[in-house]
Amino acid sequence: MQNIIAIKDFQMSFGKTEVIKNLSFEVKRGETFGFLGSNGSGKTTTIRALLGIYIPTAGELLIDGKPYSVSSSIKLGYLPEERGLYKKESVIDVMTYFGQLKGMSQGDARRVALAFLKRVKLEDKATVRLDKLSGGQQQKVQLGITIMDDPELLILDEPTKGFDPVNRKLLMDIIEDHQKKGATVVMVTHQMEEVERLCDRVILLKDGKAEAYGSIPAVRKKFGGKSLNEIFLSVYGDENREES
């Protein structure tokens, strides 16, 4: 299977602090890939370098065989952990605006936005200003913007952070729909049940290095058949006990 993401010998330092240490891994086209690790392990730094937001200290980071730029032909949807929307505008106007930025017509963007709002039970909020919505509702809108043009590569950084179980399942169902359409999905998450349900392969980072990498059965076998949650705890357990 062809790689859609290839990262080789990636190193990243900020001043004298080395954040990523010779990291190499690949994401195959059409798979769902779990990008796991505790806060500060290097996940977001890697994604930002992959998207050209950070310049790597060393190594090669490729999307569809070349360094990513906004002019790349690949359709990419990125949901950052830090949300950013025009909060003084209405939900439908913001979604339509971003849809047009993605190359959609105004009519198509509005139609897709309204269909998404109906699915996530926010159709009555279409004309409401974004700053009048709860944090969770704003998060749904941001996800809708991320997926509205059916991107072939989705990078989702903590997509269900702060959601209750009902809304978490709703968003996982939406992501699963895009899987079925053939999209490649990279998920940064601490929710191991989401990884077990959706992901084909995973990488687990600690201190900028890969502690585990491969299919879920292979990773579990390496750790004696433990669940992913148990593996996460075993990798970070000593550290957490020292902090407590």
Checklist entry - Of the residues Ile174, Ile147, which is of a type in the set (Val, Ile, Thr), under 18 Å from the mean Cα position of the chain (by Cα) and at pLDDT below 90? => result Ile174
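Residue-wise test of (1) assigned to a strand (DSSP E or B); (2) aromatic (Phe, Trp, Tyr); (3) out of contact with any strand residue (DSSP E or B) (no Cβ under 7 Å at 6 or more places or on another chain).
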{"residue": "Glu193", "(1), (2), (3)": "no, no, yes"}
{"residue": "Arg197", "(1), (2), (3)": "no, no, yes"}
{"residue": "Gly214", "(1), (2), (3)": "yes, no, no"}
{"residue": "Val219", "(1), (2), (3)": "no, no, no"}
Checklist entry - Is it the case that Lys226 is over 20 Å from the mean Cα position of the chain (by Cα) and either assigned to a loop (DSSP other than H, G, I, E, B) or at positive phi (or both)? => result yes
Item to check | Members of the range 13-24 found to be at positive phi and in contact (Cβ under 8 Å) with a residue 24 or more places away in the chain, listed by number | outcome: Asn22
Next on the checklist: Tell me the residue from Leu233, Leu205, Leu170, Leu198 that is surrounded by 19 or more Cβ atoms within 10 Å (Cβ to Cβ) and under 28 Å from Gln139 (Cβ atoms), please.
Outcome noted: Leu205
Checklist outcome for this item: Going through the range 8-26 in order, the residues found to be β-branched (Val, Ile, Thr) and within 13 Å of Lys43 (Cα to Cα) are Val19, Ile20
Item to check | Total residues in the range 122-136, condition surrounded by 15 or more Cβ atoms within 10 Å (Cβ to Cβ), in contact with a helix residue (DSSP H, G or I) (Cβ under 7 Å, 6 or more places away or on another chain) and not in a helix (DSSP H, G or I) | outcome: 3
Checklist entry - Which of the residues spanning the range 94-127 are among the hydrophobic types (A, V, I, L, M, F, W, C), over 17 Å from Leu170 (Cα atoms), out of contact with any Gly (no Cβ under 8 Å at 6 or more places or on another chain) and in contact (Cβ under 8 Å) with a residue 24 or more places away in the chain? => result Val94, Phe98, Met104, Ala126
Next on the checklist: Looking at the range 71-106 only, could you name the residues that are among the hydrophobic types (A, V, I, L, M, F, W, C) and out of contact with any helix residue (DSSP H, G or I) (no Cβ under 8 Å at 6 or more places or on another chain)?
Outcome noted: Ile74, Leu76, Leu101
Checklist entry - In the range 14-121, which strands (runs of 3 or more DSSP E) lie fully inside it and hold 1 or more residues that are under 17 Å from Glu152 (Cα atoms) and of a type in the set (Asp, Glu)? => result 17-28
Item to check | Residues satisfying the stated conditions in the range 25-49, i.e. closer than 18 Å to Ala183 by Cα and touching a residue at least 40 places away in the same chain (Cβ under 8 Å) | outcome: Val27, Lys28, Arg29, Gly30, Glu31, Thr32, Phe33, Gly34, Phe35, Ile47
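The values are calculated or read from the model by the stated rules, or taken from the named source; none is laboratory data. Small disclaimer: the values here were computed from a predicted structure and weren't measured. Reconstructed Cβ throughout: ideal geometry from the backbone, glycine too, with neighbour counts over all protein chains shown.
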